[in-house]
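Student: Have a look at the structure that comes next, please.
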Amino acid sequence: MSYAQEDIKPYGATGAKSEAVTRMFDSIAPTYDRLNRYMSWHIDSSWRRKALLPLKEQHPKKLLDIATGTADLAILAARMLQPESVVGADLSEGMMAVGRKKVSAAGLDGIISFAREDCLALSYPDGSFDAVISAFGIRNFQDLDKGLAEICRVLRKGGIFACVEDTMPVRFPMKQLFTFYSRQLIPLWGRLVSGDKGAYEYLDKTIEAFPQGEEMVRALRKAGFERAEFRRMTFGICTRYIAIK
């Protein structure tokens, strides 16, 4: 299965998408958190919390936060789930540098660690983690099928993958309103706050191209998960996916 977002690269870059995405996130890392709050009207924290709720009954001990970015989800997981360890994996050293400062300020250095990892070729053995989590990161994978298969591989049998992603609403009038918002206002805010309009034009394009709902569930099943489901949130501008290996 081929997905359109695999051909979308920031700044019209040529060559490997992963390299261009890494450069982009390194560039916008200092302002990324502030822009996230603006663009989601401060609802993004609630979406992360809802992504983690299904894991509470499972009491996972070892977690992997894939495409951890500035570690918001990793920090929330450490507090909500009280695991033994959380590994935040990402290609962007700039984003993880911000995350390390936040983890240290939260007093969670003993629980959360960071690793520069290619999410399409993780260095961990099969079945290394009880749960894998992600927030607003997997749509940047160069090869979604390969990335999901890697996530499934490093999960133990019965382990859970939980993620949230920005998505396009499917109903009138939210679909039309969100299209205007994402195409016009998000790049404008990106330019004003980060000085990088191109990065946020890219992020908008990935939202539109990313497989959603039933299509994403099919991709998760293809990757090796036995069960998968989704739930649209906030009029469909964000979707939570839960998959069981």
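Student: What ratio of Cα Rg to 2.2 N^0.38 Å holds for region 63-161? Walk me through the numbers on the way to the answer.
Tutor: Details: Rg = 12.5 Å, N = 99, 2.2 N^0.38 = 12.6 Å.
It is 0.99.
Student: What translational diffusion coefficient, to the nearest whole µm²/s, does region 24-90 have by Stokes-Einstein, given a Kirkwood radius computed over alpha-carbon pairs, a temperature of 25 °C and 0.890 mPa s viscosity? Walk me through the intermediate numbers first.
Tutor: Values: Rh = 12.8 Å.
Answer from the Stokes-Einstein relation: 192 µm²/s.
Student: If you don't mind, there's one more thing I want to ask. Would you grab the residues whose amide H sits under 5 Å from the one on Gly88? Only those 5+ places off in sequence or on another chain, please, with H modelled 1.01 Å from N.
Tutor: The list, which skips near neighbours in sequence, is Asp65, Ser113, Phe114, Ala115.
Student: If you don't mind, there's one more thing I want to ask. When you count, for each residue, the other Cβ atoms within 10 Å and take the mean per peptide, how do 203-214, 65-76 rank with the highest first? Numbers along the way, then the final one.
Tutor: On the way: 203-214: 18.7, 65-76: 26.0.
Ranking the peptides 203-214, 65-76 by packing returns 65-76, 203-214.
Student: Separate question: In straight Cα distance, which lysines are under 18 Å from Lys245, not counting same-chain residues fewer than 8 positions off?
Tutor: Lys56, Lys61, Lys62, Lys146, Lys157, Lys222
Student: Among 90-99, 221-230, what's the highest-first ranking by average C-beta atoms within 10 angstrom per residue? It would help to have the intermediate numbers written out before the result.
Tutor: Numbers: 90-99: 21.2, 221-230: 16.2.
So the order, starting with the most tightly packed, is 90-99, 221-230.
Student: Residue-wise, which Karplus ³J(HN,Hα) couplings in Hz belong to region 209-217, taking 6.51 cos²θ - 1.76 cosθ + 1.60, θ = phi - 60°, and x for glycine or proline?
Tutor: Listing the rounded values in order: 8, 5, x, 10, x, 4, 5, 5, 4 Hz.
Student: With a cut-off of 20 Å, note down the residues of region 149-164 whose backbone N falls inside the zone around a label point 7 Å from the Cα of Glu57 toward its beta carbon.
Tutor: 156-164, by backbone N distance to the label point.
The numbers here are math on the coordinates, done by the rules we state, and not lab data. What you are looking at is a predicted structure, and each value in this text was computed from that prediction instead of being measured. Virtual Cβ from ideal backbone geometry, glycine too; neighbours counted across all protein chains shown.
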